[in-house]
Amino acid sequence: MKFWLGVLFTLLVVSPSTVNVTKYETFVREVEVQPERERTPLLDSMIDVAEAERQGECLWYYLQQEGIEITLRNVLAMGEYADIMGGACHLIGENDE
């Protein structure tokens with residue numbers, strides 16, 4: 001009898017219906033920011049930005065033509081290869097020289 005009274009008392013005191021629920025909210029905000037380019041006259045005079053962008057686009061087309069997966073490792077390796085071979089635009093036949 002004492003055992004069942006202990007079980008009943010335990011069931012009444014330790015109620016399994018008490019559950020703590022924590023709710024989380026996530027806020028997402030999209031902000032457009034235009035990065036400001038720092039002026040580096042010496043470096044700017046050494047690099048033709050338009051040509052670098054053109055070679056980058058040619059490299060992109062070359063990777064897609066060859067079916068090479070676009071990963072950082074592949075882009076860096078193929079960029080080196082393209083530079084050795086005369087540029088990515090030369091590889092795809094769009095060299096304007």
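Numerical summary
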| item | result |
| --- | --- |
| Region 38-63, subset of a type in the set (S, T, N, Q) and loosely packed, with under 11 Cβ neighbours inside 10 Å, residue nearest to the chain's Cα centre (by Cα) | 40 |
| Contacts under 7 angstrom Cβ, first residue in region 55-70 being closer than 15 Å to residue 81 by Cβ, partner aliphatic (A, V, I, L, M) and not in a helix (DSSP H, G or I), 6 or more apart | 63/70 |
| First in region 18-31 and at pLDDT below 90, second anywhere and part of a loop (DSSP other than H, G, I, E, B) and of a type in the set (Asp, Glu), Cβ under 8 Å, 6 or more apart | none |
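The values are calculated or read from the model by the stated rules, or taken from the named source; none is laboratory data. Please read these numbers as outputs of a predicted model, since none were measured by experiment. Reconstructed Cβ throughout: ideal geometry from the backbone, glycine too, with neighbour counts over all protein chains shown.
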